[in-house]
Amino acid sequence: MHAMRGTLPALLALLLAACGPQVPPIPEVSAADFPANAQAHVRQALAALDTKPKDAAANGRLGMLLHAHDRYADALVCYERAAQFNPENARWLYLVGQARMAQGDPQGAIESWQAAVALSRDAATFIHLGNALEAVGRLEDARVAFEDALQVDAEAPAALFGVARLLSADGNQAEAIPLLEKAAAVAPDAGAVHYALGMALRD
């Protein structure tokens with residue numbers, strides 16, 4: 001009898017784990033809460049979700065509308081639903097990271113973007129990951145993320161700038177300058193890059 005008592009909680013834990021994470025409910029959304037020029041789009045998104053509540057694209061579409069109107073918590077729920085219904089699509093994990101970052105949760109964003117790049121090596125996601133890692137002080141990891149972005153897109157100006165910024169902060173201007181020059185050539189309107197290049201040349 002005592003042995004049965006000991007094994008029952010373990011069996012319940014295994015059963016819950018097998019069921020996977022619980023899908024959060026669709027957030028309460030009213031088209032009337034949005035500006036007039038967005039209400040028709042919201043109604044369409046809600047109608048599509050009402051027809052196919054487990055469709056990842058329908059959940060993501062509503063999430064993007066919410067995100068565009070600064071409703072980050074509700075957008076996050078929609079993205080999380082999309083990610084659970086379509087776990088092999090890195091796009092939803094990328095958007096989960098965006099919503100978490102918008103809510104001031106860099107660690108949560110980092111975890112989401114790490115999961116996204118594990119599914120698909122995307123330069124933009126690596127760059128967001130690098131920026132978030134840099135923001136929380138994980139500088140070596142940030143540099144790796146920026147360098148991973150450059151392996152995907154060797155001319156990504158934000159990744160070039162990210163590596164150069166970290167090199168400059170470490171006092172290595174000689175290596176930073178060629179990267180900044182390349183970033184400035186690719187993105188001539190990027191004021192921050194030109195400013196950093198000027199400071200590096202001065203130093």
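The values are calculated or read from the model by the stated rules, or taken from the named source; none is laboratory data. For clarity, every value in this text was computed on a predicted model and none was experimentally measured. Cβ placement follows ideal geometry from the backbone for every residue including glycine, while neighbour counts extend to all protein chains displayed. Surface accessibility is based on the protein's heavy atoms, side chains included, excluding ligands, DNA and RNA. Shrake-Rupley method; radii C 1.70, N 1.55, O 1.52, S 1.80 Å.
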Out of 79, 72, I need the residue that is among the aromatic types (Phe, Trp, Tyr) and open to solvent by 30 Å² or more (accessible area, probe 1.4 Å). Which one? 72
Does at least one position in region 172-189 carry a residue that is modelled with pLDDT of 85 or more and closer than 20 Å to residue 101 by Cβ? no
Does residue 161 satisfy the condition of being modelled with pLDDT of 95 or more, in contact with a helix residue (DSSP H, G or I) (Cβ under 8 Å, 6 or more places away or on another chain) and of a type in the set (Phe, Trp, Tyr)? no
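Using the structure shown, decide if residue 107 is in a helix (DSSP H, G or I), open to solvent by 70 Å² or more (accessible area, probe 1.4 Å), touching a helix residue (DSSP H, G or I) at 6+ places or on another chain (Cβ under 9 Å) and within 19 Å of residue 128 (Cβ to Cβ). Lay out the reasoning, then the answer.
Numbers: in a helix (DSSP H, G or I): yes; open to solvent by 70 Å² or more (accessible area, probe 1.4 Å): yes; touching a helix residue (DSSP H, G or I) at 6+ places or on another chain (Cβ under 9 Å): yes; within 19 Å of residue 128 (Cβ to Cβ): yes.
Judged against the criteria, residue 107 is a match.
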Give me the pairs: first residue in region 84-104 and open to solvent by 50 Å² or more (accessible area, probe 1.4 Å), second residue at pLDDT below 95, beta-carbon distance under 6 Å, and six or more apart or on different chains, which are they? 84/23
